Amino acid sequence: MSLDPNLKSQLAQFMGLLENPVTFQLSLGDCENSKQLKDFVTEIAEMSDKISIVEEALPLTPSLAINRANNEKSGIVFAGVPMGHEFESFVLALLQVGGRAPKISDEQVKRIQSIDREIHFETIVSLSCHNCPEVVQSFNIMSVLNPNISHTMIEGGTFQSLVEERGIMAVPTVFSNGEDLASGRLNLDQILDMVAGPRGAEDFGNIEPFDVLIIGGGPAGAASAVYAARKGVRTGLIADEFGGQVTDTLGIENIIGILYTEGPKFMGHVKTHVESYGVEIIDRVMVDHMETEDGIAVYLNNGAKIETKTLIIATGARWKMLGIPGEVELRNKGVAYCTHCDGPLFKGKTVAVIGGGNSGVEAAIDLAGMVKEVIVLEFMPELKADDVLQDRLRSLPNVKIVTNAQTTEISGTGKVNGITYVNRETGETVSEAIEGCFIQVGLVPNTEWVGDEVEKNPQGEILVDKYGATNIEGVYAAGDCTDVAFKQIMIASGSGATAALGAFQYLIRQ
Ligand SMILES: Cc1cc2nc3c(=O)[nH]c(=O)nc-3n(C[C@H](O)[C@H](O)[C@H](O)COP(=O)(O)OP(=O)(O)OC[C@H]3O[C@@H](n4cnc5c(N)ncnc54)[C@H](O)[C@@H]3O)c2cc1C
């Protein structure tokens, strides 16, 4: 296997950034994957005289430890060939072990260095998973900065028996000293909250009141922040996770002026834009409730209180739950949401997709290329997806479509092994053997925390006027958490801009 010439020329530029010698410790066997890893590593080592190679066994074979000079351990191991989405993780690890400081805040460095017990993390990934690199890169940074921490990325395709043994049905899945720690997307701060303990109210004690405070770090919140900050008012943004739903989106083709982008990349640019205006971003905290009687204040889930003259609620939406047995219990054990991430784990298996709208049909089309059979279950008498998607779905030989199907249970012990639905026409109960179930039944607004004083429709969406104003003076809302007719990135951004201008107009009239 030889590296793509484009990749190689990009890599050549990075090699000049290595400050210290690095040793690649290779653990190889006779298999094809070992040969691929050896070719990959040899080609890279030839690009810099700072890199040397030693062959010495590691717990998993084939694998590669990126160590310091004289094979001094850094704690970072890649088991399998770090290509696909993990190539970037490999390059960053190489640079960081080679002396380049990771780009994280001083506070994050302090939290990492405060971990005083030995922990070995393992992250199981697939090379097509766009949520995996952030997790791998976070644990690698922790390993570089703290000798108590070590981390092995395990490429599931190379270590299929390990994946089967541990019953892994979602990536990334993280183990801490051999115990299940977490599955799904995680950023460094969320990992630190789990490993080093959450930040308390005292960490938020000195925050001055804001002119405009935004809750939500999706496109709506981010657009509000840029528009408000450009007016020169003190602007803050609180988000459980900056990026919102867009971070779950792989390909985006409908942001005007951008032919194609990917969710995490796009929201990375958006964050840089927000930060460039000096907006105070308070990330990885949840707002628990708000009060509007004596000025506007929001309370975080750690008890901290933050005051503001105006508030913009842009808390978006989340996947809707079906409320059936098995849905929660078997999450990440066969119950999944992201086909791009978890689809490859169901290669050769039968899976169900619940929901025949656009997202369900798109998921089924995507899965049909990877799995043995897809069963699409739609509650209504016909699919709701656009005709073009339905035509594509019906043209696929390994897809079965069942309409009028009310799913009643996802079954399995430890992992999914079946699904049961009632045929709403005949009343017949049908059970099918499946190994995976992708739920695609729409979204619900994240507005429960807002309370009843802010008017909402029966779906829980906040009612706003043409300025983005709610019924409460000084409180605005934007994006998917409102009753806006369509839920899209451009629409959320536009409504965020409207709400910020509305809030500014309100401020100058006070
Ligand atoms: C899989 C998928 C694919 C999609 N593809 C496309 C596409 O191709 N094109 C397109 O235009 N649209 C697409 N969409 C829709 C688009 O992503 C949404 O319309 C858009 O993200 C809505 O933006 P928002 O800012 O209103 O909310 P969100 O993106 O949902 O962001 C909400 C923010 O609020 C934060 N938050 C929520 N509750 C709290 C709380 N209590 N305290 C603190 N923070 C909180 C969240 O962490 C997040 O930062 C897709 C959606 C999904 C799920």
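Coordinate-derived values only; no laboratory data. Bear in mind that the values here come from a model prediction, so they are computed numbers and not experimental data. When we count neighbours, we look across all protein chains shown, and the Cβ atoms used for this are built from the backbone with ideal geometry, even at glycine.
Of note:
- Ranking Ile410, Ser224, Met290 by Cα position along the charge dipole of the chain, where only Lys, Arg, Asp and Glu carry charges on their C-beta atoms, puts Ser224 farthest toward the positive end.
- 13 Å beta-carbon shell around Arg331, net charge (K/R +1, D/E -1): -2
- Spatial offset of the stretch 394-415 relative to the stretch 182-197 amounts to 33 Å, using the alpha carbon center of each.
- Of the peptides 22-33, 454-465, 194-205, the order by per-residue mean of other Cβ atoms within 10 Å, starting with the highest, comes out as 22-33, 454-465, 194-205.
- For the chain, the relative contact order comes to 12 percent (Cα pairs under 8 Å, sequence separation of at least 6).
- Charge sum, other residues only, whose C-beta stays under 15 Å from Gly197's C-beta, Lys/Arg counted +1 and Asp/Glu -1: -1
- Separation between Cα centres of the stretch 284-319 and the stretch 453-510, rounded to whole Å: 15 Å
- Selection from Thr173, Thr310, Val22 lying farthest towards where the dipole of the chain points positive, charges on Cβ: Val22
- Peptides 312-319, 2-9, 87-94 ordered by average Cβ neighbours within 10 Å, highest first: 312-319, 87-94, 2-9
- Among 277-284, 210-217, 497-504, the peptide with the highest mean count of other Cβ atoms within 10 Å heads the list, and the full ranking is 210-217, 497-504, 277-284.
- What you get for the stretch 385-439, charging only the Cβ of Lys and Arg (+1) and of Asp and Glu (-1), is a dipole of about 120 debye around the Cα centre.
- Look at the alpha carbon pairs under 8 Å that are at least 6 residues apart: their mean separation over the length of the stretch 119-222 gives a relative contact order of 31 percent.
- Three-way shape label, the stretch 1-131, alpha-carbon gyration tensor, a/c 1.5: rounded
- For the stretch 80-129 versus the stretch 223-274, the spacing of their alpha-carbon centroids is 24 Å.
- For the stretch 94-172, GluC sites (Glu not before Pro) are listed when DSSP marks them as loop and at most 16 other Cβ atoms sit within 10 Å of their Cβ; the list is Glu118.
- Among the cysteines of the chain, Cys31, Cys437, Cys481 have no other cysteine beta carbon within less than 4.7 Å of their own.
- Too-long pairs where the Cα-Cα distance tops 28 Å, listed order kept, from Lys384/Lys466; Lys305/Lys333; Lys305/Lys456: Lys384/Lys466; Lys305/Lys333
- Global geometry of the chain, whether rounded, prolate or oblate, following the gyration tensor of its Cα atoms and the 1.5 cut on a/c: oblate
- Cα-based reach from Lys265 at 22 Å (exclusive), listing lysines while leaving out same-chain residues under 8 positions away: Lys8, Lys103, Lys487
- Charges were assigned to the Cβ only: +1 to each Lys and Arg, -1 to each Asp and Glu. The resulting dipole of the stretch 1-83 about its Cα centre is roughly 180 debye.
- Shape category assigned to the stretch 356-492 from the gyration tensor of Cα positions, a/c cut at 1.5: prolate
- Of the DSSP H helices in the chain, those whose Cα atoms cover at least 18 Å axially and whose Kyte score averages 0.5 or more: 132-145, 489-509
- Farthest toward the positive end of the dipole of the stretch 16-157, out of Ala57, His85, Phe139, is the Cα of Phe139, where the dipole comes from beta carbon charges about the Cα centre.
- What you get for the stretch 58-186, charging only the Cβ of Lys and Arg (+1) and of Asp and Glu (-1), is a dipole of about 360 debye around the Cα centre.
- Entry note, the stretch 200-250: relative contact order of 41 percent, from Cα contacts under 8 Å with a spacing of 6+ residues.
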